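First up is the structure itself, then whatever we jot down about it.
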Amino acid sequence: MSENIMVLCQPDEQKSCGACCGLYNYVDSSRESLTLRLRARTRRFRNMVKNPEDIKCYAEATLAGEDCTKRYEVIYCCEYLGFLDAGEKKVGCLLHPMQNSGWDLRAGSFYGQETCAGHLCPSHHYIPANQAQILLKIIEDWYLYGLCLTDIDLVVDYFRMIADRIGEELKPEVFKNEVLRNIAREYFDWKINWPFRSEETNRLGKYYFDGSQYMISYIDYEKFGREISPLDKIFMSLSSTFANAQEMAVAEELIMGNVRKFVATYRKYY
Ligand code: SF4
Ligand code: SF4
């Protein structure tokens, strides 16, 4: 790992990410459902695991007690992901040594200790440091944080559009400004409440699973007599589906309206 890389998994006391442990890979990956799932696991783990040997019983009870139907069969959903704090602000590994008086229990997991301890997802390499720092300032919520952080196009394309218009890269300090924070937050909230989100359950972002492999869900612009939208990658990140060209135009205006609002507000202050 390069020393310059800021590790994004557990950035502060307000949030964390558990995406690569399979957090969002349940068919029902709604906030409500995941919260109940993680809460039950955490309680079970605290009650049952007093010694390293106990994790087997914990895993059996968890797998027996949960609906484990997955979105993508090839992605493992780890039964050891839970809440790390009493306030349920941070998701993370219940087998981590910091959760177990220094014992590292991850050797008993599906991926094993080395993979679990050493994995850094592509966001660490493809999201520039200033943009990652901005995300940390905007999002104070594990559910939204993990979804956005792992969606590189959603993050990078948005900040690039803004940087192109203000003539410089955005600095994280700018987001001390609550108005700017809220405008950017409106954009990232669309990861959850985008009005053109596809209802297909077997889909997260631009990928869907056709039964044997991942497929990218492309938008058929030709059908609407349209050129590919400049917002194509963002549309795919938001799992968009459009009934007609008019809906697509409305979607483009929503996003560009947000960008214009951000830039106009930025110019007022800086
Ligand atoms: S998906 Fe990336 S940021 Fe999230 S926990 Fe995994 S490695 Fe960390
Ligand atoms: S054991 Fe590995 S995959 Fe499972 S929650 Fe811990 S870090 Fe994630």
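The values are calculated or read from the model by the stated rules, or taken from the named source; none is laboratory data. On a predicted model such as this, the values are computed, not experimentally measured, just so you know. Counting neighbours? That spans all protein chains shown, and the Cβs are built from the backbone with ideal geometry, glycine included.
Here residue 111 fulfils each of the conditions (1) within 13 Å of ligand 1 (Cβ to nearest atom); (2) closer than 22 Å to residue 26 by Cβ; (3) not in a loop (DSSP other than H, G, I, E, B) apart from (3). If the condition is being over 27 Å from the mean Cα position of the chain (by Cα) and exposed (fewer than 13 other Cβ atoms within 10 Å of the Cβ), then region 34-60 contributes 47, 50, 51, 53, 56, 57, 60. Scan region 99-110 and tell me whether some residue there is of a type in the set (A, V, I, L, M), within 19 Å of residue 50 (Cα to Cα) and touching a strand residue (DSSP E or B) at 6+ places or on another chain (Cβ under 7 Å). Scanning region 99-110 turns up no residue that is of a type in the set (A, V, I, L, M), within 19 Å of residue 50 (Cα to Cα) and touching a strand residue (DSSP E or B) at 6+ places or on another chain (Cβ under 7 Å). From the list 37, 43, 71, the lone residue that is modelled with pLDDT of 95 or more and either away from ligand 2 (no atom under 14 Å from the Cβ) or touching a Gly at 6+ places or on another chain (Cβ under 8 Å) (or both) is 43. Just one of (1) free of Cβ contacts under 8 Å to residues at least 60 places away in the same chain; (2) in contact with a Leu (Cβ under 9 Å, 6 or more places away or on another chain); (3) more than 20 Å from residue 113 (Cα to Cα); (4) not charged (D, E, K, R) fails for residue 34. It is (1).
Screening 163, 184 for residues that are more than 27 Å from residue 86 (Cβ to Cβ), surrounded by fewer than 17 Cβ atoms within 10 Å (Cβ to Cβ), in the same structural domain as residue 229 (by TED's automatic domain parsing) and modelled with pLDDT of 95 or more leaves exactly one candidate, 163. Tallying residues that are surrounded by fewer than 20 Cβ atoms within 10 Å (Cβ to Cβ) and near ligand 2 (Cβ under 8 Å from one of its atoms) within region 92-107 yields 1.
Residue 169 satisfies every condition listed in (1) farther than 24 Å from residue 26 by Cβ; (2) of a type outside the set (Val, Ile, Thr); (3) at pLDDT below 95; (4) not in a helix (DSSP H, G or I) except (3).
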